[in-house]
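The values are calculated or read from the model by the stated rules, or taken from the named source; none is laboratory data. No experiment lies behind these values; they were computed from the predicted model shown. Methodologically, a virtual Cβ is constructed for each residue, glycine included, from the backbone with ideal geometry; neighbour enumeration extends over all protein chains shown. Side chains included, ligands, DNA and RNA excluded: accessible areas come from the protein's heavy atoms. Shrake-Rupley method; radii C 1.70, N 1.55, O 1.52, S 1.80 Å.
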Amino acid sequence: MFGQQDSHTHASGKQVQRVSYTSLDESKLDGLAPLKEIDHSDLLGQGLASPSPTVSPVKPSVEGGAVPAETVQSFICREPMLDSSGRMAGYEFMLRKSPGHKVRLETRAVLRLYDEVLLRNVMDMDIGRLLGSRLAFIGISPASLGCRLFEDLPKKGVVLVIRSASELIDNPEETLANLIALKEKGFLIALEDFSDVPEMSQFLQVVDLAIIDVSSEDSQRLRHMVDSLCSQYLWIRLIAKNVESTEAYDACRKLRFDYFQGPFLTRLEELEQPRVGANHIRLFELLNLIQKDADITELVNVFKLDPMLTYKFLRYINSVGGGLVMKVVAIEHAIAVLGQKKLYRWLTLLLYSGGTAHPQDRALMENAMVRGRMTETLGREAFSPGELDNLFIVGFFSLLDVLLRVPMGKALAYLNLSEELIQALVHQEGRYAPYLKLAIACEQFEPERIAELAADCGLDVQKVNIAHIDAMLWALEVEQ
């Protein structure tokens, strides 16, 4: 949940609003250890504290024109948003219309219809719990600025992204009044696709963020745009959209952007040096021992070679949430308390956060957790309980190549995984592959592909959306 705001000076010299956060209430997790070295309660071997939110297709009633009468079937997509330190700042939520629902002309009424579907789905998510210390970016069209649903939408931490913002100048008095009213309610406002014309100044005067597509601008023009915005509107925070690579991310950071979104986070860049350190090798060794049902003594011997890993494990076991009568001081006892299956999941998380991790690895880990949980959830009706762990591993390890900066085949060579898992991860084949592909597709913007994969898995829109939201909420609670 969001706290109070206060002003501070950005490194660029502009005044911005700092938002102070308070963490989520600690929830019961599914036996997966948190990585932050703090005390937690009710964590071992439990399910989520409350039921997953339901996300339903709706039949909106839109004012101002005829709209399609059938239920709108749409998939919820998300895109991570990182801050300048490489940490996860939030998500942008988007709606992708299913291929079966086509409209020849996107009139203002039709645009409002889809905006209303997105807003209703966001409210069904229980977005307040989903946010935690994140921002939620929700794209709407200028036609929807007067929508009544904003009254019921949580305000704190919600950024309303005005798409096609250049259209605001077509009806300046009404749209400006609507923007001011939304700000007074507590929303943050961002403009996207705005033109560099004098008429836009009145709108830039009242918004909080500006979004620039950095993939469509050369470096000289981009620098000019940033300098112009920063000099005229000191309070505006800048978002770099469509950041393609780590190199582009670093360049945008130097240009004083505050937030960054694009495929750079999950894209393997072949020119980078591999990052397989000694801490990774130790974790791989433990994971392989668990895979072959090694004796506890063998696991203990490896733990003893790494004092920091031993410290982290004992600290977790003795956290407030452990429910233990006596403090655990021996690794043997700790492994017995947690169990090897849960220990395996805990160790996989350390792959993304242990040792001298890259600043972006925490964000990469959260994305991997969402993939793992979503892949597992999508397959619950098709696989036995014993195989769901494999689905989680497939989803979670699907970013191992990006983490280690090596091709997937080489990354998996460190692990003794079954051939079925390797087929899914390296070749995207086999029984697990469709569920992994579907989880990844929900990070992207191809509705036809999502619909096709959902059909292959025997899942409808609602089940996919529910699995997606469940995975995001679960990953956030683990992170907290």
What distance in nm lies between label points placed 7 Å from Cα along the C-beta direction at ASN171 and LYS304?
7.5 nm
Just going by the charge dipole of segment 376-444, with Lys and Arg at +1 and Asp and Glu at -1 on Cβ, which of GLY409, ALA433, PHE392 is farthest out on the positive end?
GLY409
Mind grabbing the accessible area of MET326 for me, 1.4 Å probe, Å², rounded to tens?
150 Å²
Simple Cβ-charge dipole of segment 163-276, Lys/Arg +1 and Asp/Glu -1, about Cα centre, in debye nearest 20
480 debye
For segment 211-322, list log₁₀ I(q)/I(0) at each q in 0.16, 0.21 Å⁻¹, using the Debye formula over Cα point scatterers of equal strength and ignoring solvent, two decimals each.
-0.79, -1.06
With all protein chains in place and a 1.4 Å probe, ARG345 shows an accessible area in Å² (nearest 10) of 20 Å²
Would you mind telling me the share, in percent, of accessible area of segment 390-480 contributed by carbon and sulfur at probe 1.4 angstrom?
47 percent
Just the accessible area for ILE281, please: 1.4 Å probe, Å², rounded to the nearest 10?
80 Å²
Under a point spin-label approximation (7 Å from Cα along Cα-to-Cβ), what is the LYS183-ASP460 distance to one decimal in nm?
4.4 nm
Between the residues GLY186, VAL207, THR266, the Cα farthest towards the positive end of the dipole of segment 153-299, that dipole coming from +1 and -1 charges on the beta-carbon of Lys, Arg, Asp and Glu, is from GLY186
Taking a ≥ b ≥ c as the square roots of the Cα gyration tensor eigenvalues, with a/c under 1.5 meaning rounded and otherwise prolate when a/b beats b/c or oblate if not, segment 114-234 comes out prolate
